[in-house]
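K.L.:
Please see the structure below; I have some questions.
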Amino acid sequence: MTCTLCGLDSGQAAFCCAGCQNVYAILLESGVVASGENFRESEIYRQSLRLGLISNRAETGEAALPAIPDNAETREAVFHVSGMWCMSCGWLIEHALARTRGVRSAEVSFANDRLKVRYALQYLPPGRILERVASLGYHASEDAGPAGRSDAEPKDLLLRTGVAAFLSMNVMMFSLVVDASYFEKITGSSARYIPFLLMGLATVSVFYCAAPILRIAWAGARARVLRMETLLALGILAAYGYSVALALGGSLHVYFDTACAVVTLVLTGKLIERGAKERAARVIGLLYSLMPSKARVVVEGRERFVSVEALKPGVVFRVKPGERIAADGVVVEGRSHADESVLTGESSPRAKEAGDTVVCGSVNTGGVLEVRTTRAGASSTLAHVVRRVEQAAAHRTATERAVDRVARLFIPSVLALAILTFAGWMGRTGRPADALLHAIAVVVIACRCALGIATPLALTAAVAAAGRRGILVADTLVLETIRAVDTVVLDKTGTVTMGEFTLLATVGDNSRMAELAAVEACSEHPVGRALGNSALHATDVSIHQGMGISGTVNGTQYFLGKRAFAGQCAPAARDLPAFDFEPSLPPGTHVYFGWENAVRGAMAFGDRIRPDAASLCAALPGPRHPHAAALGRLPRHHRAHGQSHRRGSLGGPSHARS
């Protein structure tokens, strides 16, 4: 008997569950059933499906239900899947979900254990997706990013690998007695008990350490799918089962060491693979760590913290010096500088005042800012960057898909070859033991782990390596097509340069740098941080916004700032067209300094060229170009830098202190 509402098997009852019974009662009372219309198309039925109050025929009887309309509302969900051992696992999950009613598409990324599903919410509750994955022998949970993932699976794998290695070494050691029996006779007690001792040790290795392999192989058998674990399980159980039969038959020559060695090698390879995946995930984890989770808002004159998700467009939040800006927005009050290098790569913090825009994840390096939210949470600029990196890591290229197709055909071919090997050795020698061992060797050694795992891991490792070097890979397709690149355009900041705002050069009298650093330490300007700390203490400090700073150290007044500010502090130099040392300054942010009413010198701050930048440009094959078209909208000193690529030297920008 089937359920009156959802159509699932309900045994002898009219409804399969209390949820269906109650929803059907509501449909009766509302007149939907009496109207003669299809109640499965009613809003009440759809809302009940959306809330998970009733079952739906995701597994059986799909043909009896109406087709899902193309314009049905769809949602996209991302899950973290544990227990996958190879690309075949991902393929199995994809195809099982593809046959589930309500699923529009499913894509598994083996490299980062993520499952992305698009489904019709009215016809498939999210919980059914998790149940379907669980029925295949895996565990799926909502993806909370790298920070929200449990470390239980890596710890369990490490424990199983350690136990397997310990047992394998002991089995190998006791097997020396068996090997010695080939050359000389051993005592009767050893011949009787050693096989059973080896059996006990191997039993733990096979049924505890290799339990994940056996479980996934069994799930594949139930789903009628051949997979990598099928080969491994056959090899392990064949060696173990044949050795058990020999031990019970009184034979001394058993092969428990083969079963234990296979388990240990497979788990060790899995542990190495897990380490590679975790290293690749650290890049995304670093990006997640840059996303603030709390924002400081002022309610009735009192500050309190709220979740970033609670920030709506128009809400004003406060950012104090040293804090990350919690959302994209516009400054409504305050003056400061913001370090936006996380997004732009620019080492020099940018001045911010009322009316200027700020981006999520940047650091407030100066005063207090009041910011009106424009985009927050998942819609912020930094969240978009994180999604692009995740999409690049999850995207499967044509090479991966081709390898996956070949790998699926490889398994039945290996099984056929193993059977032929067994038959050939049996016909040649007539000894089942030799024939079985050679068949096991074919099954285990021919396991296509390398074929199915190396490609996605290589691409993921490449994305991670690029991320560690500040390169955002938006599509892994470029990793396959980069060999065809014939033109290279290098961005300056963070690529050709170090991406750090530092002191580049000093001209003039630099004997009192400690005193100058003490004065600058009283400001929040990036120049102060670039000069570093000083053991001296400045008094009577005056900050002239947008111009410079002055203060007294050990009774002498010092000043630092723009050229115009230096002229104000040193009247004798005010009308000079240029300082004598100006031509010696490299491009950058120029700060003039002096004491006792005289300009003593100047400093240049900026971004240093990477030591290997010139050699990199020289190593690129082909002719050098000035890139005039690409750099035409940039300032003069940036265009000069582009032309220096052709000349073989590299320059830097020139900015004024603000």
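K.L.:
Quick one: how many residues across region 372-404 are under 16 Å from Phe110 (Cα atoms), modelled with pLDDT of 65 or more, surrounded by fewer than 18 Cβ atoms within 10 Å (Cβ to Cβ) and not small (Gly, Ala, Ser)?
P.N.:
Number satisfying all stated conditions: 1.
Results for (1) under 20 Å from Ile609 (Cα atoms); (2) among the aliphatic types (A, V, I, L, M); (3) assigned by TED's automatic domain parsing to the domain that holds Gly601; (4) over 44 Å from the mean Cα position of the chain (by Cα), shown as yes or no for each residue.
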site: Met498; (1), (2), (3), (4): yes, yes, yes, no
site: Phe501; (1), (2), (3), (4): yes, no, yes, no
site: Gly508; (1), (2), (3), (4): no, no, yes, yes
site: Ser511; (1), (2), (3), (4): no, no, yes, yes
site: Gly532; (1), (2), (3), (4): no, no, yes, no
site: Ala538; (1), (2), (3), (4): no, yes, yes, yes
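K.L.:
I'm checking my understanding of the structure. Among residues of region 569-605 that are within 26 Å of Val541 (Cβ to Cβ), assigned to a helix (DSSP H, G or I) and out of contact with any Phe, Trp or Tyr (no Cβ under 8 Å at 6 or more places or on another chain), which one is modelled with the lowest pLDDT?
P.N.:
Once the filter is applied, the top-ranked residue is Ala572.
K.L.:
On the basis of being modelled with pLDDT of 90 or more, at negative phi and not assigned by TED's automatic domain parsing to the domain that holds His525, does Val319 make the cut?
P.N.:
Numbers: modelled with pLDDT of 90 or more: no; at negative phi: yes; not assigned by TED's automatic domain parsing to the domain that holds His525: yes.
Judged against the criteria, Val319 is not a match.
K.L.:
In region 433-456, which residues are in a helix (DSSP H, G or I), within 17 Å of Val266 (Cα to Cα) and at pLDDT below 70?
P.N.:
Within region 433-456, the first condition is being in a helix (DSSP H, G or I), and the residues that meet it are 433-445, 449-456.
Going one step further and asking which of them are within 17 Å of Val266 (Cα to Cα), we end up with 440-445, 449-454.
Within region 433-456, Val444, Cys449, Ala450, Leu451, Gly452, Ile453, Ala454 meet the criteria.
K.L.:
From Ile194, Ile186, which residue is touching a helix residue (DSSP H, G or I) at 6+ places or on another chain (Cβ under 8 Å), in a helix (DSSP H, G or I) and over 19 Å from His139 (Cα atoms)?
P.N.:
Details: Ile186 fails: in a helix (DSSP H, G or I).
Among Ile194, Ile186, only Ile194 is touching a helix residue (DSSP H, G or I) at 6+ places or on another chain (Cβ under 8 Å), in a helix (DSSP H, G or I) and over 19 Å from His139 (Cα atoms).
K.L.:
Now for a separate question. Would you check if there is a residue in region 174-196 being without any contact (Cβ under 8 Å) to a residue 40 or more places away in the chain and crowded, with 20+ Cβ neighbours inside 10 Å?
P.N.:
No, the conditions are met nowhere in region 174-196.
K.L.:
A further question follows. Confirm whether Val507 is touching a helix residue (DSSP H, G or I) at 6+ places or on another chain (Cβ under 8 Å), outside any loop (DSSP other than H, G, I, E, B) and free of Cβ contacts under 8 Å to residues at least 24 places away in the same chain. Give the steps one after another, and end with the answer.
P.N.:
On the way: touching a helix residue (DSSP H, G or I) at 6+ places or on another chain (Cβ under 8 Å): yes; outside any loop (DSSP other than H, G, I, E, B): yes; free of Cβ contacts under 8 Å to residues at least 24 places away in the same chain: no.
No: the conditions fail for Val507.
K.L.:
Let me ask you something else. Quick one: count up the residues across region 510-537 that are more than 15 Å from Gly594 (Cβ to Cβ) and either of a type in the set (Lys, Arg) or part of a loop (DSSP other than H, G, I, E, B) (or both).
P.N.:
The number of residues fulfilling the criteria is 12.
K.L.:
Still on this model: When only residues in region 239-283 that are over 39 Å from the mean Cα position of the chain (by Cα) and of a type in the set (A, V, I, L, M) count, which is modelled with the lowest pLDDT?
P.N.:
Among them, the one singled out is Leu252.
The values are calculated or read from the model by the stated rules, or taken from the named source; none is laboratory data. In this text, all values refer to a predicted model and were calculated from it rather than measured experimentally. Quick reminder, even Gly has a Cβ in these numbers, built from the backbone with ideal geometry, and neighbours come from all protein chains shown.
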